[in-house]
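> Sending over a structure as structure tokens; questions will come in a sec.
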Amino acid sequence: MTVNISELQAIARETHDYVSEQFIHWFLEEQVEEEASMSDLVDVAERCRDVPMLLEEYLARETPVEDA
């Protein structure tokens, strides 16, 4: 998937579609951030495997509350 996204970014640059290029750049940054977050969560889950409630506490503490 990343290869396809990178190809789209190259096409946007070649065709001087800077708005699309900027969007794709933002999208890729978000993907990297999400992968890092999930990797961190997996690490925490593995460390508290024997006490699953610790994972729930971690999520409650670390997950931002969204306004309704």
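> Being surrounded by 13 or more Cβ atoms within 10 Å (Cβ to Cβ) and hydroxyl-bearing (Ser, Thr, Tyr) is the requirement here; does Ser6 meet it?
Numbers: surrounded by 13 or more Cβ atoms within 10 Å (Cβ to Cβ): no; hydroxyl-bearing (Ser, Thr, Tyr): yes.
No.
> Out of everything in segment 50-68 that is modelled with pLDDT of 90 or more and either outside any helix (DSSP H, G or I) or of a type in the set (Val, Ile, Thr) (or both), what residue ends up being surrounded by the most Cβ atoms within 10 Å (Cβ to Cβ)?
Val51
> Could you look through segment 25-42, keep only residues that are free of Cβ contacts under 8 Å to residues at least 12 places away in the same chain and open to solvent by 80 Å² or more (accessible area, probe 1.4 Å), and pick out the one that is nearest to Ile11 (Cα to Cα)?
Step by step, filter segment 25-42, then rank; the result is Trp26.
> What do you reckon, is Ala45 out of contact with any Pro (no Cβ under 9 Å at 6 or more places or on another chain), part of a helix (DSSP H, G or I) and open to solvent by less than 70 Å² (accessible area, probe 1.4 Å)?
Values: out of contact with any Pro (no Cβ under 9 Å at 6 or more places or on another chain): no; part of a helix (DSSP H, G or I): yes; open to solvent by less than 70 Å² (accessible area, probe 1.4 Å): yes.
Here the answer is no, as Ala45 does not meet what is asked.
> Moving on. Being open to solvent by 90 Å² or more (accessible area, probe 1.4 Å) and over 19 Å from the mean Cα position of the chain (by Cα) is the requirement here; does Glu14 meet it? It would help to see each step written out before you state the result.
Working: open to solvent by 90 Å² or more (accessible area, probe 1.4 Å): yes; over 19 Å from the mean Cα position of the chain (by Cα): yes.
Spelling it out, Glu14 is indeed open to solvent by 90 Å² or more (accessible area, probe 1.4 Å) and over 19 Å from the mean Cα position of the chain (by Cα).
> Tell me, yes or no, whether segment 27-47 has at least one residue that is modelled with pLDDT of 90 or more, hydroxyl-bearing (Ser, Thr, Tyr) and more than 18 Å from the chain's Cα centre (by Cα).
no
The values are calculated or read from the model by the stated rules, or taken from the named source; none is laboratory data. Small disclaimer: the values here were computed from a predicted structure and weren't measured. Please note: Cβ atoms are built from the backbone with ideal geometry, for glycine as well, and neighbour counts cover all protein chains shown. Each accessible area value is taken on the protein alone, full model and side chains, heavy atoms only, with ligands, DNA and RNA left out. Shrake-Rupley method; radii C 1.70, N 1.55, O 1.52, S 1.80 Å.
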